[in-house]
Amino acid sequence: MMFFGTTNLDLCFNVERLPTPGESLMGALNRNPGGKGANQAVAAARLGLRPHFYTRLGDDDAGRSLSLSLRDAGVRADAIEVCPGEISGSALVLVGDDGSNMIVIDPGANLNVTPAMIDRAAEFIEHDAIVVAEMGMPIPALNRLFEMKRAKGFELIFNPAPVRAGLSSAAWRNVNFVTPNQTEAFELTGVEVHDFESAAHAAGKLLDLGPNAALITLGAQGAFYADAERAFALRAFPVKVVDTTAAGDAFNGGFAASLAQRLPLREAVKRALAVAALCVTRRGAQSSMPTGEAVDEFLKSQTILEL
């Protein structure tokens, strides 16, 4: 399997609550490896996969630290580009005691991915692989990657975050699974998602864009899946939330890993919910991703209700 996406150094401030405009708060700073693409790749690696990952890093201290962190997690780094003269991406993350967060991103080297770079990275995509992409990369690069889908013969999972305009109609039609959260589903469809019924409505609108299937995450409520033939909803596992920063990345990495491990679709969604549930019980992004053994033990102790 292979992931395409962003890598950032997260500057995480733990605060009692998120600030209001103009307010100053005291907080504790931690520096953690992050970035949506990197988080998803690490999630899959922690679950026992050995994914390739394409990203761009600056030739700086942050880039060297981020690359080492990816390798230590079990991510294959042979497709990673290190770019002299550029800075690595970074993010400022505020996390309240209730687990809520606010994030501002400086993409750095992530901003300069070109279609030609995607062409070079594509040599690492194996036939019949699962490929995961997120929307932090430039749109022309994403369009190029999606255009390769039929020729390369891979299955494509698309996490449309952060949502931006410009993805071509042809690119949308090459998506196997689109996996937005509630906010992203609204931005893509205009449908406010607040429960499973509204998620079903939004999923229909997402399918009209061209993907084969829509999988919408609803935070503490769970996830809703729909394709042309079936639809189902699974409730989330109840846990004590500490930090929601990488919950969506954990879900996507867990879902992709489960499909790569040939789990049935419904079981793949269930396992992805478990990965996300364990993720939010810990602070940080990549540091919060659970191992496959931890997920197995967690699932043994849980029940999940299908609607």
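Some points to look at:
- Two-decimal Rg to Rh for region 2-300 - Kirkwood Rh, Cα set: 0.94
- By the rule of a C-alpha distance below 19 Å, with chain neighbours fewer than 8 residues away ignored, the lysines paired with Lys270 are Lys240, Lys300.
- Note on Arg150, Arg144: ascending count of other Cβ atoms within 10 Å places them as Arg150, Arg144, the fewest first.
- The calculated 222 nm mean residue ellipticity attributable to helices in the chain amounts to -10500 deg cm²/dmol, summing -39500 (n - 2.57) over DSSP H runs of n ≥ 4 and dividing by all residues.
- Relative packing of 81-87, 219-225, 252-258, which averages over residues the other C-beta atoms within 10 Å, highest first: 252-258, 219-225, 81-87
- For the peptides 181-189, 46-54, the ranking by mean Cβ contacts within 10 Å, running from highest to lowest, is 46-54, 181-189.
- The phi torsions of region 100-115, fed into the Karplus equation with coefficients 6.51, -1.76 and 1.60 and a -60° offset, translate into couplings of 6, 8, 10, 9, 10, 10, 9, x, x, 4, 4, 6, 10, 6, 10, x Hz, rounded to whole numbers, with Gly and Pro shown as x.
- Computed from the alpha carbon atoms alone, the convex hull of region 1-87 holds 120 Å³ per residue.
- Residues Asn112 and Leu68, FRET efficiency given R0 of 25 Å [Cβ-Cβ distance, rounded to 0.05]: 0.70
- Ascending count of other beta-carbon atoms within 10 Å, so fewest first, for Met2, Met148, Met137: Met148, Met2, Met137
- Taking 19 Å as the cut-off, the amide N atoms of region 190-211 that come nearer than this to a point 7 Å along the Cα-to-beta-carbon line of Arg150 belong to 208-211.
- Cα gyration tensor shape of region 230-307, rounded if a/c is under 1.5, else prolate or oblate by comparing a/b with b/c: prolate
Values in this text are rule-based calculations from the coordinates and carry no lab data. Since the structure is predicted, the reported quantities are computational estimates derived from the model, not experimental observations. Cβ atoms come from the backbone with ideal geometry, glycine included; neighbour counts cover every protein chain shown.
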